[in-house]
Amino acid sequence: MAPLRKILVIGGGPAGSVTATLLAREGLDVHLLEREHFPRYHIGESLTPSTRTVLDLLGLSGRLDAGGFQIKRGGVFRWGSDEWVVDWSKLFGPQVCSWQVDRAAFDQLLLENAEASGVTVDQGVAARNVVFDSGRPVSVTCTRDRGEPFVIDDFDFLVDASGRSGLLSTRHLGNRRPHPLFRNVAIWGYWANAGQLPLTPEGGINVISSPDGWYWIIPLADGRTSVGLVSPKDVFARHRSRHSSPEELYHALIGRSAAVGDLLREAEFRPAVRVETDYSYTADAFSGPGHMLVGDAACFLDPLLSTGVHLAMYSGLTAAASIAANARGEVTGQEALGFFEYTYRRAYTRLLALVSSMYDDYDTKEDFFWTAERLVHGDHGAGRSGAAPFGEIIAGLSDLREATVSSTRVLTERLTDEAFRVQRRAMAGGTGRPDLAPLRESPLDDNEWRGWQLVTEPRLGLARSEGDGK
Ligand SMILES: Cc1cc2nc3c(=O)[nH]c(=O)nc-3n(C[C@H](O)[C@H](O)[C@H](O)COP(=O)(O)OP(=O)(O)OC[C@H]3O[C@@H](n4cnc5c(N)ncnc54)[C@H](O)[C@@H]3O)c2cc1C
């Protein structure tokens, strides 16, 4: 990489805001483009405790705790014939908790904080086209509020945080691959006075499976509850054809679950209904010369375990640490790209494996817990840890631990094999085939990257690990 001074970030969601803020605080000159004007609506309301660590770094956790956001201590999963509770505060200590957030307010807080940290934030500016020279982005054509195009070319490094629209991977690199197991559609709306399953930890999410897919029930601080259904696209299409409007369809689908119906018995619907395809995908590469893809721009996973914002903020953190370390000359460009790619793809792969196992009709709670234990402890797992490894993974804490202590007890090859195996099993009898080619064809080299670790003190960056990486 050439000496880095000016960073251009496309997208002002959690991934873009985190990356931009942390880089500006490290003294880099950061310009962020966001095509919307905030506040703007966004789905993705249920957060993991790992986001608290990143928000601490941004100086924002206190603001979230102080009011306006619902504290979340875990959730209840009513899945097939099983039911289990994950209470992070009981498993890991009272300070381990997160929030359920109105994303319009949350994302605005993050973006304003970016601006207050020195980022030049341009709202209403959409990046339309990126020009590459020798594989490296050198200029971006933009429009402001759909006006005349103009070009930005005064940057040394480009961070694509454009979310599911994925500017670089869909329009320029052509390297996004859908996962055949998760071709789903989500439909959701908001209710006042909704109930929660018994034993739900404070502010917890309820996840309830059904023959049509699975439901989320997420309580928000203003008394509304977000209630949605995720179902395979063919199931959704079958129901869709029988109803004249999304609202009618939504109420019909909600009515098909006795458990959800019970929770909404006293509740009052607050229009409107929203629908979004939420196919999962990964880009073949999350980085390349002069660029990185963070958050949903790189990969997206079915929202079953509510980990999208975790992946967005975690990848923003590791991207910023890698870029800042490179800008200071502490690591080479190749090392910076490698650490980012390694940590982000590992995090995604582990979650992919766990979500895939829950899509396997024949697996039970014990299987999910056992899968989780193998994904956290590898061969050291004894199969007796109960909900703790599952709770740790869905809290995002395994990823943070690995990045900060350079401890990779599970080889990436094992994670990839596990993700492949559970997808294949979950799809048995179906028509699709698992496609993990990006994970298998360009395997991450543990020996090369294990040994680097993310550090936040005295400055955000990367450091050689003291340990043996085991
Ligand atoms: C149905 C559903 C339910 C979900 N539930 C959860 C949940 O409960 N918990 C959870 O953690 N996650 C959830 N997610 C996932 C979560 O929404 C995302 O993972 C998260 O928002 C990703 O953050 P991001 O910053 O990468 O992208 P985004 O939040 O999408 O931000 C991208 C930003 O880039 C801007 N942008 C896009 N293109 C351009 C461009 N060309 N130029 C300039 N700006 C651009 C957009 O306007 C947007 O503001 C859910 C997702 C779906 C689909």
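Descriptive notes on the structure:
- Scan of segment 87-140 for residues that are within 15 Å of the ligand (Cβ to nearest atom), in contact with a strand residue (DSSP E or B) (Cβ under 9 Å, 6 or more places away or on another chain) and of a type in the set (A, V, I, L, M), ordered by number: VAL101, LEU111, ALA114, VAL119, VAL121, VAL125, ALA126, ALA127, VAL130, VAL131, VAL140
- LEU220, sole failed condition from (1) closer than 29 Å to PHE106 by Cα; (2) away from the ligand (no atom under 12 Å from the Cβ): (2)
- Filtering segment 185-218 to residues that are over 22 Å from ARG103 (Cα atoms) and not aliphatic (A, V, I, L, M) leaves PRO198, THR200, SER209, SER210, PRO211, ASP212, GLY213.
- Matching strands (runs of 3 or more DSSP E) fully within segment 68-144 where at least 1 residues are in the same structural domain as GLU34 (by TED's automatic domain parsing) and over 26 Å from VAL54 (Cβ atoms): 125-133, 136-144
- Those strands (runs of 3 or more DSSP E) lying entirely in segment 262-307 with at least 3 residues among the hydrophobic types (A, V, I, L, M, F, W, C) and within 9 Å of the ligand (Cβ to nearest atom): none
- The set of residues in segment 14-47 being in a loop (DSSP other than H, G, I, E, B), within 9 Å of the ligand (Cβ to nearest atom) and in contact with a Leu (Cβ under 8 Å, 6 or more places away or on another chain) consists of PHE38, GLU45.
- The residue that is farthest from THR21 (Cα to Cα), among those in segment 145-172 that are in a strand (DSSP E or B) and more than 10 Å from the ligand (Cβ to nearest atom), is PRO149.
- Some residue of segment 317-326 being within 11 Å of the ligand (Cβ to nearest atom), of a type outside the set (Asp, Glu) and more than 22 Å from SER210 (Cβ to Cβ): no
The rows are residues; the columns are (1) among the small types (Gly, Ala, Ser); (2) surrounded by fewer than 21 Cβ atoms within 10 Å (Cβ to Cβ); (3) out of contact with any His (no Cβ under 6 Å at 6 or more places or on another chain); (4) free of Cβ contacts under 8 Å to residues at least 60 places away in the same chain.
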position: ILE43; (1), (2), (3), (4): no, yes, yes, no
position: GLY62; (1), (2), (3), (4): yes, yes, yes, yes
position: SER89; (1), (2), (3), (4): yes, yes, yes, no
position: ALA127; (1), (2), (3), (4): yes, no, yes, no
position: VAL151; (1), (2), (3), (4): no, yes, yes, yes
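- Hey, SER257 within 27 Å of SER165 (Cα to Cα) and at pLDDT 95 or above or not: no
The values are calculated or read from the model by the stated rules, or taken from the named source; none is laboratory data. It should be emphasised that the depicted structure is a prediction, and the values quoted were computed from it without experimental measurement. Neighbour counts are summed over all protein chains in view; Cβ atoms, including those assigned to glycine, are modelled from backbone coordinates with ideal geometry.
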